[in-house]
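All remarks here apply to the structure that follows.
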């Protein structure tokens, strides 16, 4: 998990600076996506996947931050299967729709 932790830490550093971040697992059935993202056990530091490691680090970072800083943490946990999107944190939001924003911004 050390390689995965180092690579995903780049995303994490952006998140704690105020940017949105996404970790995306893609692959065929039984290729190890859930194992990589969740891990076999969240009770053991050695066996945690990316999601519990990132959450631990996120809240450790918040606890170490200056008390004058206010944080808002929003998390989505989605599954795309057979071209259908499922919100895994809220069982009432299955089969979510995707909308494409056609507005293009230039700086």
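Here, each number is a calculation from the coordinates, and none is a lab measurement. No experiment lies behind these values; they were computed from the predicted model shown. FYI the Cβ positions are ideal-geometry reconstructions off the backbone, even for glycines, and counts take in every protein chain you see.
Let's see how each residue does on (1) within 14 Å of the chain's Cα centre (by Cα); (2) under 21 Å from residue 96 (Cα atoms):
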| position | (1), (2) |
| --- | --- |
| 17 | no, no |
| 23 | yes, yes |
| 31 | no, no |
| 38 | yes, no |
| 42 | no, no |
| 53 | yes, no |
| 81 | no, yes |
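Of all residues in region 24-63, those being at negative phi, assigned to a loop (DSSP other than H, G, I, E, B) and in contact (Cβ under 8 Å) with a residue 12 or more places away in the chain number 3.
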